[in-house]
1. In the range 283-300, what residues are among the charged types (D, E, K, R) and either open to solvent by less than 20 Å² (accessible area, probe 1.4 Å) or farther than 19 Å from residue 329 by Cα (or both)?
2. Take residue 118 and decide whether it is closer than 25 Å to residue 363 by Cα, out of contact with any Gly (no Cβ under 6 Å at 6 or more places or on another chain) and modelled with pLDDT of 95 or more.
3. Would you point out the residue of the range 192-226, among those that are under 24 Å from residue 338 (Cα atoms) and part of a strand (DSSP E or B), that is most open to solvent (accessible area, probe 1.4 Å)?
4. Kindly evaluate residue 280 against the criterion of being surrounded by 20 or more Cβ atoms within 10 Å (Cβ to Cβ), closer than 22 Å to residue 125 by Cα, out of contact with any Lys or Arg (no Cβ under 9 Å at 6 or more places or on another chain) and hydrophobic (A, V, I, L, M, F, W, C).
5. Could you tell me how many of the residues in the range 159-173 are surrounded by fewer than 21 Cβ atoms within 10 Å (Cβ to Cβ) and either under 25 Å from residue 364 (Cα atoms) or without any contact (Cβ under 8 Å) to a residue 60 or more places away in the chain (or both)?
6. Which of the numbered conditions does residue 145 fail, given that it passes all the others? Conditions: (1) in a loop (DSSP other than H, G, I, E, B); (2) touching a strand residue (DSSP E or B) at 6+ places or on another chain (Cβ under 9 Å).
7. Is there a residue being under 23 Å from residue 126 (Cα atoms), surrounded by 19 or more Cβ atoms within 10 Å (Cβ to Cβ) and among the small types (Gly, Ala, Ser) anywhere in the range 261-274?
8. Within the group 317, 368, which residue is within 30 Å of residue 132 (Cα to Cα) and in contact (Cβ under 8 Å) with a residue 12 or more places away in the chain?
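The values are calculated or read from the model by the stated rules, or taken from the named source; none is laboratory data. Note that the coordinates shown come from a computational prediction; the quantities given were computed from them, not determined experimentally. Here the Cβ is made from the backbone with ideal geometry for all residues, glycine too, and neighbour counts use every protein chain on show. SASA here: full protein model, heavy atoms, side chains in, ligands and nucleic acids out. Shrake-Rupley method; radii C 1.70, N 1.55, O 1.52, S 1.80 Å.
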Amino acid sequence: MHSYVTETKDNDHPGAATGGAGNAFINHGNGTFSCIERSAGTLIPPARTLDEKSNLNAIADTLRSPASGSKAYPTKHPPRSLRMKTLIWRSATLALILSAAVLVGVIPQASAQTPPPGQPVLLGTLGACDNVVQGGPCTHTSTLVQIDPDTGALVKTIGPVGFTVNGLAWDMTTNKLYATTAVGDVSFHGLITIDPNTGQGTPVNASVNNYGLDVTPGTLGSPVHSITFDSNGNAVAWYDEFPPPTGVTDTFVTINKATGIATEFNNTGLNTGQNGLAFAKHDLLWNIDSPKLVNNVVTQTAYLLDPTNGHPLDERDVSPPTAAALGDFNPVGNQYYGLKFTVFNPTTFLVVIDLKKGTVTTLAQTVDDLHVIAFVKHLP
């Protein structure tokens, strides 16, 4: 069942500041609604009816943080019952924090090389296509590795994939690691699975090349990349038009993970480059674009997309502008991790983006030739 996003106008919520953009409400299609606070990107738990929008707006206001650059809107005080529940919740939370602080002093903490059970593990692949001619045959295949998400250091080399990977994602519903391969892969261009313990890649359907899509004359196929899965196991991906024909923008695809066949949604209205597509918490789909020069000013934009067709629903600026391609959201903290690299240059940096604050942090230099990354559950 798909969700649909609608935006509330200021006249729907008199408590909003004049000229404010309002909030975005997701209609889950089952009689429930959720509210996205636009400036902070916060999703409020579902309401049962549209009549509860006003209550959601009040709760959203309590979540806004002036330090994050969010606008403060005048609202009515929440009901006494809500204030009492908030005090009780805060007291319980403080007790838990104090208990945890005591435990930290007596329980040995796991090292980065041995994550605690249940903690997400950051995997990636080394080796970009590095084709001499854009869209031509790749000159490298990929190797699966594990990366320390705190330092960017190599934890271990897992093994050769046998294909040139340009997108990596974990499907939590099947506990499988999937990847897209580069359009110039000399073995297979399509959807594969990767054994997270050996690195070995296997086509989902070896008979389906180019994701079952028509091949444009004069090209090797569609350069699908940045595969990502929502919490229900639905796969989507992206590809840039090289170069964009006049009036044509990037393409969004959904992928059937059982057959490897994709469905295209052309002309999303976005022209991205060196970008990253990934689902965040609550199945919010974000496309992190690379820095762009606009009116002599370098800016960077993160786009919130409709997961059914890839069209932008909202956007926010992030700063300082820094490339953060082919990444994923860390389930712990809900921050986006991406890669900064230059074509034909092996030097790569691990970049972290906090969409709630709108901040970009270059964490550290990471492994040379690291090309894609994805968070998975703790490996056995």
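1. Matches in the range 283-300: 289, 292.
2. no
3. So the residue we want is 193.
4. Yes, satisfied.
5. Selection size over the range 159-173: 3.
6. (1)
7. no
8. 368
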